[in-house]
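Okay, so here's the structure we're looking at.
The values are calculated or read from the model by the stated rules, or taken from the named source; none is laboratory data. Given the structure is predicted, the values throughout are model-derived calculations rather than measurements. All Cβ positions, even for glycine, are placed from backbone atoms using ideal geometry, and neighbour counts span all protein chains on display. Accessible surface areas use protein heavy atoms only, side chains included; no ligands, DNA or RNA. Shrake-Rupley method; radii C 1.70, N 1.55, O 1.52, S 1.80 Å.
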Amino acid sequence: MMRRLLAGALAATTLLPLCAPVAAADEAPTLEDLVVTSVGGEVWQVSADGSRRTLLASAVDPTGATRRAVELSPDRTRLAYLTAGDALAEVHVQGVRGGPVSIVARTDADGRGAPSDLTWSGPSSLLAATEDVGADSAPDAITVLGLAPPSAAPLVGSGPTGQPTVDPRDPAHVVAVRPTWLDSGGGLVPLPASGSPALLSDPLATGAVRQPAFSPDGSRLAWLRSVEQRDAAGKVTSSLSELVVGGADGAGAHVLPVPPAPDLEAPVWAPDGSAVLVESRDSGQQVQRTGTVWRAPVDGAAAVALALPARLTGSLVAAVPSAPTGPQVTGAGVSTSSGRISLSWNAPADATVTVARTDGPFGTGAGTPVAVSGSSATDASVQPGGTYTYVLTATVSGVAGTPVLLPVQAVDAPVDVSLRDLGAQAPDGQFRPQYVSCTVLCASDVGTLDYAVLDPRTRRRGPWTAVAGTPDGRWSTFEPVVVTPGHAYVVRARGADEFGNLTLPRTSGPYLAPLDDRALRVSRGWSRLRASHAWRGTLTTTSSVGRAASVAFTGTRVSVLGSRGPRSGAAVVLVDGKQVGRAVAHAAYSSTGEELWTSRTLRRGRHVLTLRTTAVGRYAAFAVDGITVTP
């Protein structure tokens, strides 16, 4: 069956060295960097605390394919991956930080021999498990893919196995996963083998195991194991994953103290073999496609959760040495807009920092110098929608440090929906922020959203409060904010470009949460009705003329919200005892949440609003929903 995986032409490519990111002064020098795929599909090299990152590959390769199952080559210069999407899967190889793509192998036209797992087996070959598209069975066997010249041949004795891992010291030593549905049982098996491969003997290496990985020196294996959870009656209720480490033959296997989770994925070894890193996902993170990366020392010490940004936890690819040299730029940040990009950073006091802008996301090619002012720089010569990389380099006494690469797209913050009246937008007392597309180029996502309350007396803004994103993980959707009647809110939004950089903030408002109609002091003849469509669920109504209702407020403008209809009347409006207008509720058609009257600008301070009902013809019904006050 292995001949069905077709070898493709391997194009010549220039191999680019992996850029070693910059280490912060207070970071432990032995902590490795991680190669990860982000939620958006890009491939990054990122420091263990998430403060430094280098883009290795964009979300879509030059052939238009998106990546899955990304594997970093042993020399850390190339990425091998399977293509995702509706088309039949192919195996592609591309240099880190761009370059041409080599199509190494592809599924045949009938969907047979589709690659499902991938791993490097040396500098010039890969192993790929294959299966038939649409088949219910596990992978057929494993194929050896040669890169130069391109070739495809079955791995002898691999049988129905998948998820291979290769001993770095001996590429001929392969361990794979045999499926549990076979009569001989599932578990880890060494390859190649004559006849049926024999399972590794340790009980922890048998059963529902997956994703084995050899240590850098080939002396140990790490793998994942699923454990069924049962209730008191013995019924299976769920399954949890655990991380196991044992010898290269499975001997001495033991579970590392990573918190069990419904989903553990992608165990990778630290470069020195002292720890295994694994990604954990709870049910909420599974929906968001994010995770928590744990670093578990193999000596059994407590596992530590790394502080990676959620956006950079799509999937673990590898752990690589972190070896910055010379004076370092740290804490680099970006604020972007369609016409200006602002940079900031920290550097040693005696360092000179230079900034150069290159076209594209990888920082290659000749750069354009950008003027530096202290520890910041602003580039106002960008084109809307353009993608650039800023290369920041610190130099002391002629010695240059490792550069920091900041890919960024020139985009604006999203445009907020106009919310004249939170009473109409949030009848249940919750403000649901909504955003629409820009009329000009802008960020496709809202990266962060904050709100603040205006003081009604001073109009000064209070502290910003972050709005939580919704559990489905879409950046442009946020949890509702419970608003307080009578308060005014301002909203600050930042967009996010395709690399996760935030835009300059856009502040909008004030948005006014009306005073509830129950804040009115009323004379006889009024009643309060429950109404699901009304602000805070009630209306204050009367059907008689000469009925008074009043409320005290502090602000510079006031509006009356209520219902209109063909049987409604009107009300004379007084502010501080002086008649200033008439709120007309009579209309040809019925409607709710309408602005019946609004004042001119008032002297800032405390006032009293009074309504006194009058008839329009023979109709005198009047319903108040709320009172909107502008600070």
| Sequence-distant or interchain residues sharing an amide H contact under 5 Å with LEU308, placed H: which? | VAL293
| Sequence-distant residues sharing a close amide H with ALA531 (under 5 Å, placed H) | THR538, LEU539
| Rg to Rh for segment 330-410: what is it, with Cα atoms only and Rh by Kirkwood? | 0.95
| query | With each label point set 7 Å from Cα along the Cα-Cβ vector, what nm distance links LYS235 and LYS578? | reply | 7.5
| FRET efficiency for SER226 and SER532, Cβ-Cβ distance as r, R0 = 60 Å, nearest 0.05? | 0.80
| query | Which length gain, in nm to one decimal place, applies between GLN383 and THR66 when the Cα-Cα distance is subtracted from 0.36 nm times their residue separation? | reply | 111.5 nm
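Need the full-extension length gain, SER344 to ASP49, defined as separation in residues times 0.36 nm minus the C-alpha distance. One decimal, nm. Each step should come with its number before you reach the end.
Working: separation 295, 0.36 × 295 = 106.20 nm, distance 1.87 nm.
Extending this stretch completely gives an extra 104.3 nm.
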| message | Quick check: at a probe of 1.4 Å, how many percent of the accessible area of segment 330-410 sits on carbon and sulfur atoms? | response | 50
| note | re segment 515-630: pairs of Cα atoms spaced beyond 19 Å account for a percent value of 38
| Of the trypsin sites (Lys or Arg not before Pro) in segment 200-291, those whose Cβ has at most 12 other Cβ within 10 Å and which sit in DSSP loop | LYS235
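What FRET efficiency comes out for the pair ALA356/ASP455, r = Cβ-Cβ distance, R0 = 56 Å, nearest 0.05?
That pair, ALA356 with ASP455, gives E of 0.75.
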